[in-house]
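The values are calculated or read from the model by the stated rules, or taken from the named source; none is laboratory data. All values derive from a computational prediction rather than experimental measurement. Backbone-built Cβ (ideal geometry, glycine too); neighbour counts: all protein chains shown. With ligands, DNA and RNA removed, areas are computed over all heavy atoms of the protein, side chains included. Shrake-Rupley method; radii C 1.70, N 1.55, O 1.52, S 1.80 Å.
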Amino acid sequence: MQRIPIVGGNWKMNTTRATAAALARAVAAANGTQDAVQVAVFPPFPYLIEVASALRGSPIMLGAQDVYFEPDGAFTGEISTSMLRDCGCNWVLVGHSERRHVIGECDDLVNRKVLAAVGAGLNVILCIGETKGQREAGEADAVNERQLRAGLRGVSAAQMKSIVIAYEPVWAIGTGLTATPEDAQAAHKAARAVLAGLFDPSTAQATRIQYGGSMKPGNAANLMTMPDIDGGLIGGASLNAADFSAIVQAAAPH
Ligand code: 13P
């Protein structure tokens, strides 16, 4: 099964209106003819429209970093799926570890967001990953399995075409610590086995699973050679167009 690699740039709470547009233009210029890898960027909400226009005419896809599950109404501060589509988004991150562990989102909320986003025609990157303590306690696979089962509750095999999984070990995010290619591969293989049980083997084989956590130009190629690693979700290095583009190049099948 040939899976098209996908690389996402999660800009988190960084950039200004001007630097977001400039970064988007630089990413589009560097990756405009890239067709072996899908590329998406995830700017902060206020800059989505600006970035959408900077990306117009390029194959770079646009996503948001979060979404709320209700379609509209009295939910102060929240953003709906239709608002994201209205701003030109096709993608959304759901369940990022910073939302789970800093903001306090639970598995049930993550699941509602996944269902709402897919139901609204958005593509979803569902993020999973264990903390340092959970890894040291030997619970990494169990945590990832729980987050997958809970996050994908009620999702059909057909809807999995719109879902990418990002395995982002929390201890590797923004720390400069990266999972070894072997440890990351083991986690991706275990996640794919969970998908096979939840759906069926061919759905599991077709689902892209990205690695995230201090992926940089210097370590991307080794991670991408692993058979179950289908791209990356990049934080810090996505704020530099040259570094991000080098990672996109490393994800292209050789
Ligand atoms: P870093 O690449 O900065 O470790 O962040 C990874 C991440 O959280 C992407 O969503």
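Annotations for the structure displayed:
- Just one of the listed residues (Ile128, Ile79, Ile60) is closer than 18 Å to Leu233 by Cβ and more than 16 Å from the ligand (Cβ to nearest atom), namely Ile60.
- For the stretch 101-115, the count of residues that are among the small types (Gly, Ala, Ser) and closer than 18 Å to Gly212 by Cα is zero.
- Candidates Ala184, Ala221, Ala179 - the one that is touching a residue at least 12 places away in the same chain (Cβ under 8 Å), open to solvent by 40 Å² or more (accessible area, probe 1.4 Å) and either among the aliphatic types (A, V, I, L, M) or not in a helix (DSSP H, G or I) (or both): Ala221
- Taking the criterion of being among the acidic types (Asp, Glu), part of a helix (DSSP H, G or I) and either without any contact (Cβ under 8 Å) to a residue 12 or more places away in the chain or closer than 23 Å to Asp86 by Cβ (or both), the only residue of the stretch 105-151 that qualifies is Glu136.
- Filtered residue count, the stretch 11-37, keeping only those that are within 16 Å of the ligand (Cβ to nearest atom), closer than 23 Å to Asp86 by Cβ and open to solvent by 10 Å² or more (accessible area, probe 1.4 Å): 4
- Qualifying residue in the stretch 71-93 (condition: in a loop (DSSP other than H, G, I, E, B) and basic (Lys, Arg)): no
- The residues of the stretch 1-35 that are out of contact with any helix residue (DSSP H, G or I) (no Cβ under 7 Å at 6 or more places or on another chain), at pLDDT below 95 and closer than 15 Å to Ser245 by Cβ, listed by number, are Gly32, Thr33, Asp35.
- Answer residue from the stretch 152-170, given it is more than 15 Å from Arg208 (Cα to Cα) and assigned to a loop (DSSP other than H, G, I, E, B) and is least open to solvent (accessible area, probe 1.4 Å) among those: Pro169
- Residues (β-branched (Val, Ile, Thr) and either more than 10 Å from Pro59 (Cβ to Cβ) or in a helix (DSSP H, G or I) (or both)) located in the stretch 17-36: Thr19, Val27
- Test for Ala157: is it without any contact (Cβ under 8 Å) to a residue 60 or more places away in the chain and either within 16 Å of Leu195 (Cβ to Cβ) or within 14 Å of the chain's Cα centre (by Cα) (or both): yes
- Residue that is farthest from the ligand (Cβ to nearest atom) [pool: residues in the stretch 224-243 that are open to solvent by 50 Å² or more (accessible area, probe 1.4 Å) and in a helix (DSSP H, G or I)]: Ala242
- Residue that is nearest to Gly151 (Cα to Cα) [pool: residues in the stretch 197-216 that are over 15 Å from the mean Cα position of the chain (by Cα) and surrounded by 15 or more Cβ atoms within 10 Å (Cβ to Cβ)]: Leu198
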